[in-house]
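The values are calculated or read from the model by the stated rules, or taken from the named source; none is laboratory data. Small disclaimer: the values here were computed from a predicted structure and weren't measured. Here the Cβ positions follow ideal geometry from the backbone for every residue, glycine too, while neighbour counts run over all protein chains shown. These area figures cover heavy atoms from the full protein model, side chains too; ligands, DNA and RNA do not enter into them. Shrake-Rupley method; radii C 1.70, N 1.55, O 1.52, S 1.80 Å.
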Amino acid sequence: MKKTIKKNRNQLLESWFDATINTYPEESARILGKKSNRFDNPIGGVTRETLEDVLTLITEDFSREDLEKALDPVIRIRAVQTFDPANAVSFVFALKEIGESVIEKADIINFYRLVDEMALAAFNRYMKCREDIFLLKATESKRRIHRAFERAGLVAELSEGDLLGSKKS
Amino acid sequence: MADELTPDEALDKIDYRPRSSSEPRNWLDTTKSVQIRPGMYCYAAKPESVETLGLPYAREWNPTDEDWKLPENWQEILHEGIKERLERFRTFKIFMDICVRCGACADKCHFFLGTGDPKNMPVLRAELLRSIYRNDFTFAGKLLKKIPGGKRLLGSREMSLEALKEMWYYFFQCTECRRCSVFCPYGIDTAEITIIGRELLNLLGLNIDWIATPVSNCYQTGNHLGIQPHAFKDMLEFFVEDIEDITGVDCTPEFQKKGADILFITPSGDVFADPGTYTCQGYLILFKYLKDKYGLDVTWSTYASEGGNFGFFTSHETMKRLNAKMYAEAKRLGVKWILGGECGHMWRVINQYMDTMNGPADFLEVPVNPITGTRFENAASTKMVHICEFTADLIKHGKLELDKSRNANRVLTFHDSCNPARGMGLLEEPRYCIKACADEFYEMPPNTIREQTFCCGSGAGLNAGENIELRMAGALPRANAVKYVHNKFGVNSLATICAIDRAALPTMCEYWVPEVDVIGVHELVGNALILPGEKERTEDLRMEPLPGVEEE
Ligand code: SF4
Ligand code: SF4
């Protein structure tokens, strides 16, 4: 199966990319789907690069964590857009249908499992990005203003270290 | 720019024409209400703040409620408001008339590029207001609205409640950054349309709190954060102590000193919010140096303790009121001219509006740097010089002694803040200062800097907490370029000359590129500048060990 994926990588990538970009409103998808400079079109650029990396990764040995890492850039974007959680990760499932045309019958169950594994990784990462957002929301103003006051000894009772403790992963 | 849409392509691409409500892709269709999503909008202004400013219709209201508690004749108020502004602002009238919907601006807005929401295309943002204008104020509009299908043909619509809600939602998803205007063949500045749009919304009391409350604070207390004069002074005195620990030199500044050479005004964010506070320490060190070496007399003021001007995001009148304070203080103190700190929109206000609003400030002198003799012709009328121009001039004339090695731990890139870059063309001076203070500097890709710089996504009063998804999405194009130089050159520091950036970009970095830190240009100056009589420094202004020191 991995060989088939490798051989058909470009075809898979194109279809998967289209399916992912088409989760955006039609007028936007037409612009974001263009192969333009990656700095002029970060959603399109990052989405394409990420999907490409994921397709490469799954033909090698990998852990769920590797998958999560590889998926991060695209999920990180979708986590701050107006997708609900299901639609933020639904693009992963699109790969099932796309794969059907190239994956051999005997491998199809394995392929579905692979996509399921990917979906779980995507969901994990989505949750992590959402947590990042909530934490930023909770700590930002304290970090900006209170830390300066704290240093100046103008406020004493804030223990901000606690608030920031779980910040980095 | 091979990817630019051709006009033909664009007409096909930008679907601006109203269709019947049965057609789902009709973007002007307001039979479905706009979805105001959490994370994308800012909270409504507190009635007290609106009241303090004497702005109309102060009340409790909630954007997600069905009922916005609008005055009964709100349509009439808006109609009159638009009419008045069409007469008053020529640009507004022209921008309403001349857009050919070529689409060149469509994919240039960071909010469109980050959110993927088609209504964040600048052309469609402007169309929110333009469609009403066509309906109410053009001859064709009056004629065609009587014919079936005529409105669709023209792209006009009536001022309905849903249209109003949509305007509110999307005019507060624009940071007035002007990037779109750089690409418009007609020079249409959607930022100015947003400015008018917000002004109109203010006529109905539809302000957001992150703007109205700072404005009200500034109006009453002198700065956006509402910090009282003694706390302002305390804060600077505390910086003085820190600097003395680090350098052994006492940099105590002057406050409200009558007859000083120069009045210095900076955004209050530099005094009260990290990491701007370190930039503020850089200013103190610079002024001490200039005083000792050249006898330059700079004063601060606790009265004009705000360089920023959130009035700019409210209405022309409010902007004028807040701006006037700086000049009143300069006049009262009898200084020669004003030096301004690292700020963004403050410079757009000075450079673009001040002169016709409160100017010319002919009670001040045309700014001349007494140390180098340089005459700042660009500030001949406003009498206010940007500190980066001032410092760059000093460096150019060899007037500052700088030790670059003290910034050797920083691999830098520079984020052009929209207003200094696009609003006044300040492109070289900050880079010149950075390169004089540090060795490693790498530019981000050319289509993301200088005139084409991508906004931080939090400007124009949108740097609140509740709209963080919007801010992070809007910051994606910027962050994407920062990430690139981080991966390619090992950049670990993003330098900037705007107080909003110093507040917004650390959060952006934390989400998108956590390895990168944000730093003001004058923090670099403060680290590098060798003060007369200083002790051997072992720490930088953040009290981190200086490069080379930690190994010993
Ligand atoms: S605003 Fe300018 S660039 Fe944008 S569609 Fe209109 S004419 Fe074209
Ligand atoms: S001014 Fe900036 S934020 Fe507003 S529409 Fe133009 S590009 Fe977008």
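I need the calculated FRET efficiency for the pair B:Lys396 and B:Gln228, taking r as the beta carbon distance and R₀ as 45 Å, to the nearest 0.05. It comes out at approximately 0.70.
So what is Rg over Rh here for chain A, counting just Cα atoms and using Kirkwood for Rh? Don't jump to the answer; show the numbers that get you there.
Details: Rg = 20.0 Å, Rh = 18.0 Å.
That ratio equals 1.11.
Think of the range B:214-528 as having a plus end and a minus end, set by charges on the Cβ of Lys, Arg, Asp and Glu; of B:Pro514, B:Thr302, B:Gly359, B:Gly359 sits farthest toward the positive end of this dipole.
To the nearest 20 Debye, how big is the dipole of chain B about its Cα centre, given +1 on the beta carbon of each Lys and Arg and -1 on that of each Asp and Glu? Each step should come with its number before you reach the end.
Details: 62 positive and 79 negative charges, 474 e Å.
My answer is approximately 2280 debye.
The value obtained for chain B, namely the Cα convex hull volume divided by the number of residues, is 142 Å³ per residue. Largest accessible area first, the listed residues B:Glu66, A:Glu104, B:Glu539, B:Glu466 line up as B:Glu66, A:Glu104, B:Glu539, B:Glu466 when surface is computed with a 1.4 Å probe on the assembled protein chains. Between helix A:108-141 and chain A there is an angle of about 20 degrees, using the helix long axis and the longest principal axis of the Cα atoms. From helices alone, chain B scores -13000 deg cm²/dmol at 222 nm; the rule is -39500 (n - 2.57) for each run of n ≥ 4 DSSP H residues, then divide by the residue total.
Rolling a 1.4 angstrom probe over the protein heavy atoms, how many square angstrom per residue are accessible across the range B:403-481?
23 Å²
For the range B:125-220, the set of chymotrypsin sites (Phe, Trp or Tyr not before Pro) satisfying both a DSSP loop assignment and a count of at most 16 other C-beta atoms within 10 Å is given as B:Tyr186.
At a 1.4 Å probe, what is the % contribution of carbon and sulfur to the accessible area of the range B:214-528?
Ligands and nucleic acids excluded, carbon and sulfur give 47 percent.
For the range A:50-90, heavy-atom accessible area (probe 1.4 Å) falls by no less than 50 Å² from the chain alone to the full protein assembly at A:Arg76, A:Val80, A:Thr82.
Given the DSSP H assignment, sum -39500 (n - 2.57) over each helix run of at least 4 residues in chain A and divide by its residue total; what's the result at 222 nm in deg cm²/dmol, nearest 500? Dividing the helical sum by the residues of chain A leaves -20500 deg cm²/dmol. Using a probe of 1.4 angstrom and keeping all protein chains present, the accessible surface of the range A:2-129 works out to 45 square angstrom per residue. Computed on the range B:7-207, the Cα convex hull volume stands at 127 Å³ per residue.
For B:Lys288, a cut-off of 16 angstrom between C-alpha atoms picks up these aspartates and glutamates, skipping any fewer than 8 places away in its own chain: B:Glu237, B:Glu241, B:Asp242, B:Glu244, B:Asp245, B:Asp250, B:Glu254, B:Asp261, B:Asp297, B:Glu401, B:Glu523, B:Glu534. Chains B and A together bury roughly 4400 Å² of accessible area, counting both sides, with a 1.4 Å probe on protein heavy atoms only.
Once R0 is set to 35 Å, what does the formula 1/(1 + (r/R0)^6) return for the Cβ-Cβ distance between A:Ile109 and A:Lys69, expressed as a FRET efficiency to the nearest 0.05? Please report the intermediate quantities before stating the final value.
Details: r = 26 Å, r/R0 = 0.75.
Efficiency, from the Cβ-Cβ distance: 0.85.
Around the Cα centre of the protein assembly as shown, unit charges on the Cβ atoms of Lys, Arg, Asp and Glu (plus for the first two, minus for the last two) sum to a dipole of about 2100 debye. By the rule of a C-alpha distance below 14 Å, with chain neighbours fewer than 8 residues away ignored, the aspartates and glutamates paired with B:Lys119 are A:Glu26, A:Glu27, B:Asp15, B:Asp29, B:Asp107, B:Glu127, B:Glu166. Ligands, DNA and RNA are left out, and with a 1.4 angstrom probe the accessible area of the range B:94-168 is 31 Å² per residue. Distance from the Cα centre of the range B:393-472 to that of the range B:125-184, in angstrom? That distance is 36 Å. To the nearest ten degrees, helix B:161-171 and the longest principal axis of the Cα atoms of chain B are 30 degrees apart. Of the residues making up the range B:479-521, those losing 40 Å² or more of accessible area when the isolated chain is joined by the remaining protein chains, with a 1.4 Å probe, are B:Asn480, B:Thr507, B:Glu510, B:Tyr511, B:Trp512.
Express the carbon and sulfur contribution to the solvent-accessible surface of the range B:7-207 as a percent, rounded to the nearest whole number, probe 1.4 angstrom. Display every interim value, and only then the final one.
On the way: 4260 of 8170 Å².
Accessible surface attributable to carbon and sulfur in the range B:7-207 totals 52 percent.
In the range B:264-410, the alpha-carbon atoms span a convex hull of 117 Å³ per residue. Computed over every Cα-Cα pair of the protein assembly as shown and binned at 10 Å starting from 0, the pair-distance distribution P(r) comes out as 3, 14, 24, 25, 19, 11, 4, 1, 0 percent.
What a 1.4 Å probe finds exposed on the range A:2-129 is 50% carbon and sulfur by accessible area, rounded to a whole percent.
Over 18 Å between Cα atoms: which of A:Lys34/B:Lys488; B:Lys320/B:Lys383; A:Lys2/A:Lys96; A:Lys7/A:Lys105 fall into that group? Violating the 18 Å Cα-Cα cut-off are A:Lys34/B:Lys488.
Starting from the Kirkwood radius over alpha-carbon pairs of the range B:459-536, derive D by Stokes-Einstein at 37 °C in a medium of 0.692 mPa s and give it in µm² s⁻¹.
Diffusion coefficient, whole number: 237 µm²/s.
With a Förster radius of 56 Å applied to the C-beta separation of B:Glu72 and A:Val102, the computed FRET efficiency comes to 0.30. Length available on full extension from B:Tyr442 to B:Ala324: 0.36 nm per residue minus the Cα-Cα distance, which gives 38.6 nm. How far, in degrees from 0 to 90, does helix B:209-221 lean away from the longest principal axis of the Cα atoms of chain B, to the nearest 10? Relative to chain B, helix B:209-221 is tipped by roughly 50 degrees.
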